[in-house]
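What follows is a short report on a single structure.
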Amino acid sequence: MMLASGFAGLGYQIVWTHQSALWLGHESVAVLAVVTAFFSGLGIGALVLGHRIDRSGHPARWYAACEAMIAAWSLALALLLAPISAWMVALIGAQPEPWWHWTVAFVGTFFVLLPATAAMGATLPAMERLVAQVNVGVRNIAALYAANTLGATLGVLATAFWLVPAFGLVRTAVVCAALNLICALTALVLPTQARSAPPSAASPLGTGPLWLLAATGLLGIAYEVVVVRVLSQIAEDTVYTFAMLLAVYLLGSAIGAAAYRRWQSLVGDAGVLQSRLLCLQAAACLFGTLTLWGAGPLQRLVHEALGAGMASAIAAEAAIALAAFGLPTLMMGALFSHLGTRARESGYSLGRAFGFNTLGAAAAPPLCGMLVVPMLGPKSALVIIALGYLVLAWRTAARRPLFWITALATMFLAGWAPSLAIVDVPPGGRLLSYRDGAMAAVSVVEDAGGVATLRINNRQQEGSSNTLFTDARQALLPLLLHPAPRRALFLGLGTGTTAASAAEDPTVQVDAVELLPEVIEASVHFAGPFRRDGIEPKLHVTAADARRFVKAPGHFYDVVVSDNFHPARTGSGSLYTVEHFEAVRDRLTAQGVFCQWLPLHQLDLDTLRSIVRSFVAVYPGGWAMLATNSLETPVIGLVARRDAAVMRWDDLRQRLAHPTTPQRLTEFGIADEFALLGGFIAGPSALGRFAGAAPLNTDDRPVVAYQAPRVTYAPASLPRDRLLSLLQQVQLEPGELVDAGPDTSSPQRLLAYWRARTHFVEVGQRVKASTDLREMLQQVREPLLSVLRISPDFRPAYDPLLRMATELGRSDPSAAKALLSELARLQPARPDAQEALRKLTAAPS
């Protein structure tokens, strides 16, 4: 029964974390609020109900009632989620003050989950009394705790790897509720031997054992919070990563609790065992901390030993989790069992002991995650945790060698060990900035060539100073598709280049929303309106969660551009759901344009199908386009108008003839209407066929969050292969995209442009990069000319040939003249080749 109850409890925690993040956002305060509310509810339930259960002669009824309450409230939450979500979002607002956001998040989440979490907190005390009735006189706290924690381990793994991906959040909660009801019914039919509760004994130790339980609960969860933060800079930071880390943490605690009885029989004296356990706990945390510096090499070693594949990658993450959590959690399980047993023997109810322990644990996430780590860094936080255990052991273990050895080792670690700021700096490069935040570490790294890169948790690259062309196009293309934009919203900031490019337009007011404040600070290192003395006034940046921002009341926008979020990263999948796309639609003006960029280099086609189907469910008249013709990092844009109308050729021609942006559009490959529309690859009918019957990505069934990590862990194809496969599966007719009116030639030229674009991508598949001009020209000359023969308007083929011909003119004028002549013949409307040919002919031989 405790195994099943523990399974359900952690299943609920994963479900509630997913669901609560939808109302509060994926900011640090939201994630920490759920964990804090969970432990707070457990503690209050144990304290308020524990002593009543301890005095009751019918613990089976108490246990059954608690399990039934958990089941009932979890099912109620499934029905109440939508109104609660809307009310909480409205209460918080789009741009709340931090103190108000924190208050609503922590207090609101606590009360929403309280009926279930309080009942959970009372189940362990009730079961302990129930066991005493089934087996008179037996009170094995360690065995119950071990079984419950082992069940929690199984619950984490089953929920993350099977239940949620297969059935969704609500059905997973129903499965957990069924387990609770089975436990409740089982308790009522157990053959118990009725007996009254034993009288409580006066405690000779005062409240010392209770405060010791609270302190160890605080330190234990604090260690988990900090280690997870550090390992997120090494692991892939997916839903599977978190599940594996949590499962290892719980499994170690379960094994430690199960082993406690053996250790208890070996030592005998409870006071001696307690001092040893506290010293060993400090030493174990110190050892776990030391393993963090070798976590990266260990992960690579395991991955190489097991070969490529998702199972190998997850096993590697499990290995680094085991190194960091193995010994510390083993000691934590034994230490809680010992302190709980001593508190029980001193006359305290198990409810009071468990309540103090979990209330101490509840203080760890906000205290450590939001204050200590951002202010002092992870290394200092881990040193403080080890010292905390030593302080607790001081009175009874100060004369033991282990105490002083551990204390000296901790001091050495504090003074001489390098920081746990894990950043991969390339040879010849340097670290420009690093900041530990409440939820992530943000760094800016410059390579030997002076190219700066923005990284989140070391693993996730958010753009660089070398991607101005691509980043600017991701702003300019959607803006130019609207006839007269006045206000634009950018979901995600990154380096700031995309939003900054839009803000250069004096006629457009630009708002940008970025989840991490540290990313906003780091953006000063990149080109755009960001400067160290402030941010361009026309660009208004808000540190907030994108989902919550668009749901909250606020301005309507002519253009909304959503960044190409890495779909496998924790929380990003919720930005590709049907519900989020609906919320964006509701913030658009009548002719508003929405563009959702997708990183095809980080997506497999099956996950893309789910995103596309979710998009067209909200925007049935939507299209797909390419940001650039890049083969290595292809980016797909899903584009739609709120009114589902096609664009008008005259409007586009007018926009390009009288641009309001100070940038020269030709510098970003937008010379005319064909270049603007030439990136489109699919219309509504093609997108519908491509998506097929792929599962919708919804708030209840987060398909993307659980499917996208597979290509991250073990990519089965190259990005260029996925791009070509996509182009071969979709198509577009000009009439689905633009109304050309009486002009019949322009649609035909556009159709030729699209055929040339596809051929251009096919040509690129066979090209091998080379610094030798002649070798490169030999590869691409005829293929690119064949592209131009399909469409002379296709400048991505014309421009590189023009550059190479100009450079070739210095060493082989005759070959250069031949190439320039062919370019001039294929595209007589462009003067570039003719001008270059004239200069080359006029130059002295």
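The values are calculated or read from the model by the stated rules, or taken from the named source; none is laboratory data. Predicted model only: the values in this text are computed from it and were never measured. Backbone-built Cβ (ideal geometry, glycine too); neighbour counts: all protein chains shown. Calculation scope for accessible area: heavy atoms of the full protein, side chains included, ligands and nucleic acids excluded. Shrake-Rupley method; radii C 1.70, N 1.55, O 1.52, S 1.80 Å.
Worth a mention:
- Kirkwood Rh, angstrom, the range 542-602 [1 / mean 1/r, Cα pairs]: 12.3 Å
- Debye-sum result for the range 632-676 in log10 I(q)/I(0), which assumes one identical scatterer on each alpha carbon, at q = 0.21, 0.27 Å⁻¹: -0.92, -1.08
- For the range 604-750, the relative contact order works out to 37 percent when only alpha carbon pairs closer than 8 Å and six or more residues apart are counted.
- Each peptide in 273-286, 501-514 gets a packing score, the mean of other Cβ atoms within 10 Å over its residues, and the list from highest to lowest is 273-286, 501-514.
- Bins of 5 Å from zero: percent of alpha-carbon pairs in the range 418-570: 2, 9, 19, 22, 20, 14, 8, 4, 2, 0, 0, 0
- For the range 410-508, the Cα-based Rg and Dmax, in that order, read 18.1, 65 Å.
- Modelled this way, with points 7 Å down the Cα-to-C-beta line, the labels at residue 95 and residue 76 are 3.8 nm from one another.
- Set of aspartates and glutamates near residue 379 by C-alpha distance (under 12 Å), chain-local residues within fewer than 8 positions excluded: 436
- For a straight C-alpha distance cut-off of 17 angstrom, the aspartates and glutamates reachable from residue 538 (same-chain residues fewer than eight places away being disregarded) are 504, 505, 511, 514, 558.
- Gyration tensor verdict on the range 631-716 (Cα atoms; rounded if a/c is under 1.5, prolate if a/b is larger than b/c, oblate otherwise): prolate
- Evaluated over the range 297-435, the Cα radius of gyration and Dmax, each in Å: 19.6, 65
- Helical mean residue ellipticity (222 nm; -39500 (n - 2.57) per DSSP H run of 4+; nearest 500) of the chain: -20500 deg cm²/dmol
- Span-like helix ranges in the chain, DSSP H, alpha carbon extent 27 angstrom or more, Kyte mean at least 0.5: 2-24, 28-55, 59-92, 98-134, 169-189, 208-231, 239-267, 270-291, 310-345, 378-397
- Evaluated at q = 0.15, 0.19, 0.21 Å⁻¹: base-10 log I(q)/I(0), Debye formula over Cα of the range 577-702: -0.77, -1.15, -1.31
- Evaluated over the range 374-454, the Cα radius of gyration and Dmax, each in Å: 18.0, 58
- Cα-based convex hull, the range 215-262, per residue volume (Å³, whole number): 72 Å³
- The fraction of Cα-Cα pairs per 10 angstrom bin, counted from 0 for the range 715-798, comes to 16, 38, 31, 12, 3 percent, rounded to whole percents.
- Three-way shape call for the range 62-112 based on the alpha-carbon gyration tensor, with the a/c threshold at 1.5: oblate
- For residue 680, nonlocal amide neighbours, meaning residues 5 or more places apart or on other chains whose placed amide H falls under 5 Å from its own, are 626.
- Cα-based shape type of the range 747-843, given that a ≥ b ≥ c are square roots of the gyration tensor eigenvalues and the cut on a/c is 1.5: oblate
- Residues whose placed amide H lies under 5 Å from that of residue 544, excluding near-sequence neighbours: 514, 515
- Coarse-grained scattering of the range 295-337 at q = 0.27, 0.28, 0.30, 0.33 Å⁻¹, given as base-10 log I(q)/I(0) from a Debye sum over alpha-carbon atoms: -0.81, -0.85, -0.92, -1.04
- R0 of 60 Å, Cβ-Cβ distance residue 189-residue 814: FRET efficiency to nearest 0.05: 0.05
- Binned Cα-Cα distances of the range 229-359, short to long, each 5 Å bin given as a whole percent: 2, 11, 17, 19, 17, 12, 9, 8, 5, 2, 0, 0
- DSSP-defined antiparallel bridges as percent of all bridges, the chain, nearest 5: 60 percent
- A 1.4 Å probe run over the protein chains yields, for the range 550-611, 26 Å² of accessible area per residue, whole-number rounding.
- Based on C-alpha pairs under 8 angstrom that are at least 6 apart in sequence, the range 520-631 has a relative contact order of 25 percent.
- Judged by the mean number of other Cβ atoms found within 10 Å, the most tightly packed of the peptides 322-335, 155-168 leads the ranking 322-335, 155-168.
- In Hz, Karplus ³J(HN,Hα) per residue of the range 624-637 (6.51, -1.76, 1.60; θ = phi - 60°; x = Gly, Pro): 10, 9, 9, 6, 9, 9, 5, 8, 7, 10, x, 10, 9, x
- More than 45 Å apart - percent of Cα-Cα pairs taken over the chain: 34 percent
- Protection proxy ranking of 632-639, 398-405, by the mean of other Cβ atoms within 10 Å over each peptide's residues and highest first, is 632-639, 398-405.
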